[in-house]
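Chemist: The structure under discussion is supplied below as structure tokens; questions concerning it will follow.
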Amino acid sequence: MGPYVKLIWLLTISVLLLGVSLVWFCKEFNPEWKQCQRAEIEDNESLKGKKLEIKQILLKGEGLWSHQESGQRVDRCMTCHIDEDKLVKLHPKDLPIPFDVYGCTVCHGGNGRALESEPAHEHMYADREAMEEGRYSADEFIKMWKRLRDLNPEEEIRLRRESFLGPTGQYQLYVGNDECVGCHKENDMHPDHVKRWSNTKFKTFERIQKEPDYQAGDENYKKQCYKCHTTGYREDKGIYASEGVGCEACHGPGEVYSYLMQGFRDEEYDIAQGQKLAKASFDFSICGDCHIPKRHEMRKAYFEKQAQKK
Ligand code: HEC
Ligand code: HEC
Ligand code: HEC
Ligand code: HEC
Ligand code: HEC
Ligand code: HEC
């Protein structure tokens, strides 16, 4: 080898090394997250002057080696998505779960620890459509519900209703008795159970409406009755999906599982997935929401007062 060739080799290697060091340098001192955060801070008046730092949400539940993580679970998505006002605007209004408890990955998937967008966004559900398409299997839902429960164990009672949440983390819709009965009766599926409930339960609300205390009561009084005598009552909003104790009062909102049950009408859907999901959504403890011993104390108070007046 001539001396020139050696020199050229040496030069090439030095240039390469320099290049690598430069890239490393840039990544180390001006990583992607800092660039993103700077851009977000410039965008928003109320973030002005904020120090650049890694922002993370501590999540409940221990990380497991089997999930390629250990120790504390965190979502660091907010390191780049730091502008909370912007996030709130991008999200549906009625998301039942606060970011600071549930983080981001529970709905969006992705990799919560990563600080570069490419690995962070890998396997992510980017928007509504992706969430809906990605989560049409019973196992995906069950995984999400379990995760929701782990993230907020103190609210176990409320989160017994984790199965009330659909693929986008919003409340599922109640499809109504007609939908369930139509399909189940038409195909002679479990007709006894269906017949029994449709005979005894659906019309009871009319009876309630004729009660003297109900008629005399104001909206706040009536709301107490809705809790047990309607289906899909939302205490926070004071609205219900339908009157009376319908199928979904016990089986939970049917938006997703009844959709999956379409299987027998259309082979594209998988009945077994719907069945599995309906099974997972049902829990006997739901009876205790309404069948409590002192459920009619307010009625007793009303009637006692009426009796005293006489
Ligand atoms: C290193 C910074 C960074 C991190 C970390 C990061 N993102 Fe992003 N994300 C961005 C940027 C920048 C965009 C805008 C990209 C674009 O417009 O193409 C974006 C876009 C998005 C979008 C909009 C959909 C899309 O594809 O344009 C969603 C949803 C999102 N990120 C969620 C997440 C979630 C969830 C995490 C955590 C698992 C996360 N991001 C972590 C920088 C980041
Ligand atoms: C409860 C579920 C849920 C959680 C938790 C959640 N998101 Fe979302 N996110 C959604 C849904 C649903 C949409 C779609 C909104 C729509 O299309 O109206 C969305 C939309 C977005 C978008 C806009 C995507 C687009 O293409 O328009 C971004 C960015 C985003 N989320 C980031 C985040 C980040 C960052 C976090 C954590 C701080 C987070 N989200 C937590 C459900 C969630
Ligand atoms: C499009 C038709 C269709 C609709 C709509 C529908 N179902 Fe089903 N459902 C089925 C089929 C098919 C099965 C499977 C029956 C079987 O083989 O036992 C099933 C099974 C079930 C099961 C049994 C799950 C198990 O334990 O295996 C329940 C519970 C159920 N449906 C409740 C409902 C309720 C409540 C609604 C309304 C919210 C509803 N279904 C709407 C078709 C439907
Ligand atoms: C915590 C749940 C709960 C609340 C709140 C509640 N109910 Fe009830 N109600 C039930 C249950 C369960 C039954 C069926 C068992 C029974 O007969 O006691 C029932 C039965 C009834 C019946 C008898 C129906 C019949 O003819 O068999 C009437 C009438 C009634 N409720 C009226 C009301 C009115 C009016 C209110 C509101 C002021 C109300 N209830 C609030 C749970 C509740
Ligand atoms: C008061 C509560 C309640 C109501 C209302 C109710 N169900 Fe059920 N349903 C149950 C219980 C409890 C089971 C048994 C679940 C179990 O053992 O896992 C069941 C089981 C079922 C099954 C599976 C039956 C089987 O033999 O395996 C179907 C299908 C079903 N229900 C459909 C319906 C439909 C359709 C309606 C509305 C017409 C309805 N249910 C209303 C409580 C209810
Ligand atoms: C949303 C509230 C609610 C839930 C949840 C609920 N019930 Fe009821 N249940 C009622 C009301 C209200 C009545 C009285 C209806 C009426 O006026 O006849 C009732 C009546 C009954 C009756 C009286 C029998 C009949 O056919 O008239 C039985 C038995 C019963 N429920 C069992 C159950 C079981 C078992 C569960 C759980 C799988 C359950 N209920 C869940 C509200 C509820």
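Chemist: Enumerate the calculated ³J(HN,Hα) couplings along the stretch 94-110 in order (Karplus 6.51 cos²θ - 1.76 cosθ + 1.60, θ = phi - 60°), each rounded to whole Hz, writing x wherever the residue is Gly or Pro.
Modeler: Each residue's phi maps through the Karplus curve to give 9, 5, x, 10, x, 4, 5, 9, 9, x, 10, 5, 4, 9, 8, x, x Hz.
Chemist: Let me ask something else about it. If you take the charge dipole of the chain about its Cα centre, with +1 on Lys and Arg Cβ and -1 on Asp and Glu Cβ, which of 20, 189, 108 is farthest toward its positive end?
Modeler: Checked the options; the winner is 189.
Chemist: So what is the relative contact order for the chain, in percent, with contacts set as C-alpha pairs under 8 Å and at least six apart?
Modeler: Reported relative contact order: 11 percent.
Chemist: Express in nm, to one decimal, how much length is gained between residue 22 and residue 9 on full extension, taking 0.36 nm for each residue of separation and deducting their alpha carbon distance.
Modeler: Computed gain between residue 22 and residue 9 is 2.7 nm.
Chemist: Here is a further query. From zero up to wherever the largest Cα-Cα distance of the chain sits, split into 10 Å bins and tell me the percent of pairs in each.
Modeler: Calculated P(r), rounded to whole percents: 5, 19, 23, 19, 14, 9, 5, 3, 2, 1, 0, 0, 0.
Chemist: With axes computed from alpha carbons, what is the tilt in degrees of helix 177-186 against the longest principal axis of the chain, rounded to the nearest 10 within 0 to 90?
Modeler: 80
Chemist: Shape verdict for the stretch 95-241, please, from the Cα gyration tensor: rounded (a/c under 1.5), prolate (a/b greater than b/c) or oblate.
Modeler: Note, shape of the stretch 95-241 comes out oblate.
Chemist: Moving on to the next point. List every residue whose amide H lies under 5 Å from the amide H of residue 73, counting only residues 5 or more places away in sequence or on a different chain, with H placed 1.01 Å from N in the peptide plane.
Modeler: For residue 73, whose amide H was placed from the backbone, the distant partners under 5 Å are 59, 63.
Chemist: Dividing the convex hull volume of the alpha carbon atoms of the stretch 177-309 by its residue count, what do you get in Å³ per residue?
Modeler: Spelled out: Cα convex hull of the stretch 177-309, divided by residues, is 121 Å³.
Chemist: With each run of n ≥ 4 DSSP H residues scored as -39500 (n - 2.57), what mean residue ellipticity at 222 nm is computed for the chain after dividing by its residue count and rounding to the nearest 500 deg cm²/dmol?
Modeler: Per the formula, -14500 deg cm²/dmol.
Chemist: Shifting gears a bit: Please list, in chain and number order, the residues 5+ apart from residue 82 or on another chain whose amide H is under 5 Å from its amide H, with Hs placed from the backbone.
Modeler: Excluding prolines and chain starts, which carry no amide H, there are no hits.
Chemist: Could you please state how large a percent of the accessible area of the stretch 177-309 is carbon and sulfur, counting protein chains only and using a 1.4 Å probe?
Modeler: 51
Chemist: State in Å² the accessible area per residue of the chain; use a 1.4 Å probe, count heavy atoms of protein chains only, and round to the nearest integer.
Modeler: I get 67 Å² per residue for the chain.
Chemist: Show 128, 135 ordered by accessible area, largest first, where the area counts protein heavy atoms only and the probe is 1.4 Å.
Modeler: The residues order as 128, 135, largest area first.
Chemist: A further question follows. Relative to the compact globular guide of 2.2 N^0.38 Å, what is the alpha carbon radius of gyration of the stretch 1-129, as a ratio?
Modeler: Normalised Rg, Cα atoms only: 1.48.
Chemist: Rounded to the nearest 0.05, what FRET efficiency do residue 130 and residue 47 give with R0 = 25 Å and r taken as the Cβ-Cβ distance? Could you check?
Modeler: 0.35
Chemist: Sticking with this structure for a sec: Please work out the FRET efficiency for the pair residue 237 and residue 88, using the Cβ-Cβ distance as r and a Förster radius of 22 Å; give the result to the nearest 0.05.
Modeler: Computed FRET efficiency for residue 237 and residue 88: 0.70.
Chemist: Between residue 178 and residue 279, what is the label-point separation in nm under the 7 Å Cα-to-beta-carbon projection?
Modeler: Here the modelled spin labels are 3.2 nm apart.
Chemist: From Cα pairs below 8 angstrom and at least 6 apart in sequence, can you work out the relative contact order of the stretch 177-309, rounded to a whole percent?
Modeler: 18
Chemist: Tell me the net charge near residue 107. Cut-off is 13 Å between Cβ atoms, residue 107 excluded, with +1 for each Lys or Arg and -1 for each Asp or Glu.
Modeler: Around residue 107, the charge tally is -1.
Chemist: Here's a follow-up. Could you derive backbone 3J(HN,Hα) for the stretch 144-150 from the dihedral phi with the Karplus parameters 6.51, -1.76 and 1.60 (θ = phi - 60°), listing whole Hz in sequence and x where the residue is Gly or Pro?
Modeler: 5, 5, 4, 4, 4, 5, 4
Chemist: For the stretch 295-308, take each phi angle, set θ = phi - 60°, evaluate the Karplus expression 6.51 cos²θ - 1.76 cosθ + 1.60, and give the result in whole Hz per residue in order, putting x for glycine and proline.
Modeler: 6, 10, 4, 5, 5, 4, 4, 4, 5, 5, 5, 4, 5, 5
Chemist: Between residue 223 and residue 118, take the C-beta separation as r, use R0 = 41 Å, and let me know the FRET efficiency to the nearest 0.05.
Modeler: 0.25
Chemist: List the equivalent ellipsoid semi-axes of the stretch 57-164 in whole Å, largest first, each obtained as the square root of 5λ for an eigenvalue λ of the Cα gyration tensor.
Modeler: 19, 18, 16
Chemist: With label points built 7 Å along Cα→Cβ from the Cα atoms of residue 186 and residue 268, find their separation and express it in nm.
Modeler: Reported label-point gap for residue 186 and residue 268 is 1.7 nm.
The values are calculated or read from the model by the stated rules, or taken from the named source; none is laboratory data. Fair warning: this is a prediction, and the values are worked out from it, not measured in the lab. Glycine gets a Cβ as well: all are built from the backbone with ideal geometry, and neighbour counts include every protein chain shown. Please note that ligands, DNA and RNA were not included when accessible areas were found on the heavy atoms of the full protein model with its side chains. Shrake-Rupley method; radii C 1.70, N 1.55, O 1.52, S 1.80 Å.
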